[in-house]
Amino acid sequence: MKKIVLIVKNITREGPGIIENLLKERNINYTVIDLDKGETFPHPQDYSALVVMGGPDSANDHTPKMKSELQRIQEALSLNIPYLGICLGLQTLIKAAGGKVAKSPLKEVGFKGPDNKPFIISLTAAEKKDPLFKGLGDNFRVFQLHGETVELTPEMKLLGKGEFCQNQIIKVGSNAYGIQCHFELTPEMFEVWLNEDADLLRLNKKQLRDDFNSFLAEYTSTGQKLFQNFLEIAGL
């Protein structure tokens with residue numbers, strides 16, 4: 001198998017960010033497919049890892065795009081290809097693996113919850129030693145942008161929890177991971193989202209920038225470690 005990472009975008013603005021920067025630093029070959037531009041999701045058999053990004057679709061959609069996406073993810077799982085899904089990429093993983101996608105108990109947007117406290121992901125006690133979390137602490141601050149959540153099958157493992165939307169980091173099988181929050185943002189990407197995403201446009205732009213800048217180094221370090229660990233799991 002060629003050492004190529006397949007990155008699939010569900011909407012043009014939600015690109016790989018930190019993920020792409022790390023792939024370039026490590027000279028790992030990668031291909032980016034933009035489904036929002038009508039590009040075709042290729043069969044995953046020719047790739048050494050699959051990364052599926054976020055987007056405004058629902059994994060419950062009955063569109064040709066979503067049907068094809070779920071089929072490709074199922075194929076990746078059947079071939080045991082390492083998988084990392086972010087936001088919608090988590091939800092499509094769970095849907096493809098037999099779980100459910102439903103309305104979230106809280107639409108999580110931005111850096112803080114309704115209590116004005118930062119969104120925090122806490123690792124479950126039994127799963128802190130999972131290789132995805134090497135070098136990370138027991139919890140970390142995150143950025144959220146989602147209105148749906150997932151319901152797991154008994155075979156799936158809950159690795160990380162949130163206070164309002166519980167199912168935040170999920171493992172399917174031995175090497176497929178889904179992360180509900182966004183850890184891939186660069187400052188440049190964040191500016192694009194601030195000016196284009198409907199949910200973010202409803203919030204105070206200055207406050208969002210201040211929140212991001214207040215822990216940018218920590219946020220970037222967490223994202224880098226998560227993806228570095230995934231690359232090691234994938235043998236890259």
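Of the residues LEU88, LEU50, LEU22, the one that moves most in a GNM of the chain with alpha-carbon contacts below 10 Å is LEU22. Couplings 3J(HN,Hα) for region 223-236, derived from phi with the Karplus relation 6.51 cos²θ - 1.76 cosθ + 1.60 (θ = phi - 60°), are x, 5, 5, 4, 6, 4, 5, 5, 4, 5, 4, 7, x, 10 Hz, where x marks Gly and Pro.
In this structure LYS112 has an accessible area near 60 Å², from a 1.4 Å probe over the protein heavy atoms. Rounded to the nearest 20 debye, the dipole size of region 161-216 about its Cα centre is 200 debye, using +1 on the Cβ of Lys and Arg and -1 on the Cβ of Asp and Glu. Could you work out which residue, out of LEU201, LEU77, LEU136, moves most in a Gaussian network model of the chain, that is, has the largest mean-square fluctuation with Cα springs under 10 Å? Residue with maximal mean-square fluctuation among LEU201, LEU77, LEU136: LEU201. Computed on the chain, with alpha-carbon pairs under 8 angstrom and 6+ residues apart, the relative contact order is 21 percent. Using the Cα coordinates of the chain, the gyration tensor eigenvalues translate into equivalent-ellipsoid semi-axes of 24, 19, 19 Å, sorted from longest to shortest. With no solvent and one equal point scatterer per Cα, compute the Debye intensity ratio I(q)/I(0) for region 81-201 at 0.13, 0.21 Å⁻¹ and report its log10, rounded to two decimals. Evaluating at q = 0.13, 0.21 Å⁻¹ gives log10 I(q)/I(0) of -0.50, -1.28. Each residue was assigned an accessible area with a 1.4 Å probe, and for ASP197 the value is about 20 Å².
The GNM of the chain, with springs linking C-alpha atoms under 10 angstrom apart, assigns the highest mean-square fluctuation among ILE179, ILE11, ILE86 to ILE11.
Sequence-distant contacts, meaning Cα pairs under 8 Å at least 6 residues apart, place the relative contact order of region 1-140 at 21 percent. Our note on the geometry: Cα centres of region 126-168 and region 1-68, 21 Å apart. Dipole check for region 193-236: with +1 at the C-beta of Lys and Arg, -1 at the C-beta of Asp and Glu, and the Cα centre as origin, the magnitude is about 120 Debye.
The solvent-accessible area of GLU155, taken with every protein chain present and a 1.4 Å probe, is close to 140 Å². Qualifying trypsin sites (Lys or Arg not before Pro) in region 175-236, where qualification requires a DSSP coil assignment and no more than 10 other C-beta atoms within 10 Å, comprise ARG202.
For ILE33, the residues 5 or more places off, or on other chains, whose built amide H falls under 5 Å of its own are ILE7, VAL8, LYS9. With contacts taken as Cα pairs under 8 Å at a separation of at least 6 residues, region 94-166 carries a relative contact order of 49 percent. Seen from ALA97, the other residues with C-beta closer than 15 Å to its C-beta sum to a net charge of +1, counting Lys and Arg as +1 and Asp and Glu as -1.
The values are calculated or read from the model by the stated rules, or taken from the named source; none is laboratory data. Since we're looking at a predicted model, the values are computed, not measured. We place every Cβ from the backbone using ideal geometry, glycine too, and count neighbours over all the protein chains shown. When the accessible area is computed, the model is the full protein with side chains, heavy atoms only, and any ligands, DNA or RNA have been set aside. Shrake-Rupley method; radii C 1.70, N 1.55, O 1.52, S 1.80 Å.
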